[in-house]
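Single-structure report; data block below.
Every number here is computed from the coordinates shown, using simple stated rules; none is lab data. What you are looking at is a predicted structure, and each value in this text was computed from that prediction instead of being measured. Counting neighbours? That spans all protein chains shown, and the Cβs are built from the backbone with ideal geometry, glycine included.
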Amino acid sequence: MTKLSISEARSKLGALVNEASYKGERIAIHRNGKPAAVLVSVEDAALLAELEDRIDLQAARRALAENDFVPLEDLVKELGLD
């Protein structure tokens, strides 16, 4: 994974987008020497979203299997939405 400071990334943004998009390179962008963000391809971002959806679905299935339901009105009160 390529690692760059924000100022370096700013000056090379077009080239970095091409590397991520066409080569599948992942580029870590650092602020004050610490990781702040990662530039990835659209395909990588879609894969991450799909993985998150699968994790959410598994959690929902576990909750349904536990049959541990909270009535909507109780949830509304708990969240302070009433």
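Can you tell which of Ala46, Ala63, Leu81 lies farthest toward the positive end of the dipole of the stretch 42-82, using +1 and -1 charges on the Cβ of basic and acidic side chains (Lys, Arg; Asp, Glu)?
Ala63
Per-residue ellipticity at 222 nm for the chain, helices alone: DSSP H runs ≥ 4 residues times -39500 (n - 2.57), over residue total, nearest 500 deg cm²/dmol?
-18500 deg cm²/dmol
Just the Cα atoms of the chain, one point each, no solvent: what log10 I(q)/I(0) does Debye give at q = 0.15, 0.20 Å⁻¹?
Per q value, in the given order, log10 I(q)/I(0) is -0.70, -0.88.
Please work out how much length the chain gains when fully extended from Ala49 to Ala28, using 0.36 nm per residue of separation minus the C-alpha to C-alpha distance, in nm with one decimal. Provide the component values of the computation, followed by the final result.
Working: separation 21, 0.36 × 21 = 7.56 nm, distance 1.88 nm.
Extra length from Ala49 to Ala28 when fully extended: 5.7 nm.
Can you give me the long-range amide H partners of Thr2? Hydrogens built in the peptide plane at 1.01 Å from N, cutoff under 5 Å, separation of 5 or more residues or another chain.
Those lying under 5 Å, H to H, from Thr2 are Arg26, Ala28.
Measuring from a point 7 Å past the Cα of Lys3 along Cα-to-C-beta, which residues in the stretch 32-57 have an amide N at less than 16 Å?
32-39
Within the P(r) computed for the stretch 1-40, what percentage of the Cα pairs occupies the region above 16 Å?
More than 16 Å apart: 23 percent of the Cα pairs in the stretch 1-40.
What's the angle, to the nearest 10 degrees (0 to 90), between helix 13-23's Cα axis and the longest principal axis of the chain?
Helix 13-23 and the main axis of the chain meet at about 70 degrees.
Hand me the tally of lysine pairs in the chain: alpha carbons under 26 angstrom apart, and the pair either on different chains or 8 or more positions apart.
Taking the chain as the scope, the lysine pair count is 6.
Distance in nm between label sites at Asp56 and Leu75, each 7 Å beyond Cα in the beta-carbon direction?
Roughly 1.3 nm, to one decimal.
Could you work out how far the C-alpha centroid of the stretch 41-59 sits from that of the stretch 2-32, in angstrom?
Here the answer is 22 Å between Cα centres.
Arranged from highest to lowest average of other beta-carbon atoms within 10 Å per residue, in what order do the peptides 53-61, 9-17 appear?
Most protected by this proxy first, the peptides run 9-17, 53-61.
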